[in-house]
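Below is one structure; the comments refer to it alone.
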Amino acid sequence: MILKDILAIGGYSGLYKFVSQSRNGIIVESLADKKRINAAATAKISALSDIAIYTEEEEVPLSKVFDTIFAKEEGKATISHKASANELKAFFEEVLPDFDKDRVYVSDIKKVVSWYNTLQSLDMLVEGEETVEEEKTEEA
């Protein structure tokens, strides 16, 4: 899945799409309501493609976690991020059985589930789609 231009911004709810560079930061567009805002250069901005989930052996890229959820749910929406902590942990254990239970908190699982459901509702998840970095790795 290509998540390069999809951003999470600290202090703002939801996901954003990168639009342009501005003098004081970047201009982003909300995926929910298509409103554009200027995210300050001091804001904590994370591209979903840069996010990984801790496991006992390594870090698994968020795109691979989304691929697993997509396959498990057959392309449909998944459990709500408002489910109980025990339900979310049980779900995540099915998706990523060896996730590091000491470093991956329920709040992290809620974000992953919420982001997945947001992208799924907007038809932005495509099974088998690879990132440019993964394609370069396979060619080498």
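Structure data summary
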item	result
Pick from region 79-99, criterion outside any helix (DSSP H, G or I) and of a type outside the set (A, V, I, L, M), ranking: nearest to Ile9 (Cα to Cα)	His81
Tally of residues being part of a helix (DSSP H, G or I), more than 19 Å from Ser49 (Cβ to Cβ) and in contact (Cβ under 8 Å) with a residue 40 or more places away in the chain across region 100-125	1
Some residue of region 75-89 being polar (S, T, N, Q) and in contact (Cβ under 8 Å) with a residue 60 or more places away in the chain	no
Residue check for Val95: within 19 Å of Ala47 (Cβ to Cβ), β-branched (Val, Ile, Thr) and at pLDDT below 95	no
Strands (runs of 3 or more DSSP E) contained in region 1-47 and holding at least 3 residues surrounded by 14 or more Cβ atoms within 10 Å (Cβ to Cβ), of a type outside the set (A, V, I, L, M) and in contact with a Leu (Cβ under 9 Å, 6 or more places away or on another chain)	15-22
Checklist (1) over 20 Å from Val126 (Cα atoms); (2) aromatic (Phe, Trp, Tyr); (3) surrounded by 15 or more Cβ atoms within 10 Å (Cβ to Cβ) applied to Tyr105, failing item	(3)
Qualifying residue in region 58-66 (condition: surrounded by fewer than 16 Cβ atoms within 10 Å (Cβ to Cβ), part of a helix (DSSP H, G or I) and not charged (D, E, K, R))	no
Within region 126-140, considering residues that are among the β-branched types (Val, Ile, Thr) and either in a helix (DSSP H, G or I) or at pLDDT 95 or above (or both), the one nearest to Ile51 (Cα to Cα)	Val132
Residues that are under 15 Å from the mean Cα position of the chain (by Cα) and more than 16 Å from Lys111 (Cβ to Cβ), drawn from region 69-94	Phe70
First in region 40-62 and within 17 Å of Lys17 (Cβ to Cβ), second anywhere and of a type in the set (Lys, Arg) and not in a strand (DSSP E or B), Cβ under 7 Å, 6 or more apart	Ala47/Lys4; Ser49/Lys4
For Ala32: the one exception among (1) modelled with pLDDT of 95 or more; (2) more than 13 Å from the chain's Cα centre (by Cα)	(1)
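The values are calculated or read from the model by the stated rules, or taken from the named source; none is laboratory data. Note that this is a predicted model, so its numbers are computed, not measured. As a convention, Cβ positions derive from the backbone with ideal geometry for all residues, glycine included, and neighbour counts pool all protein chains shown.
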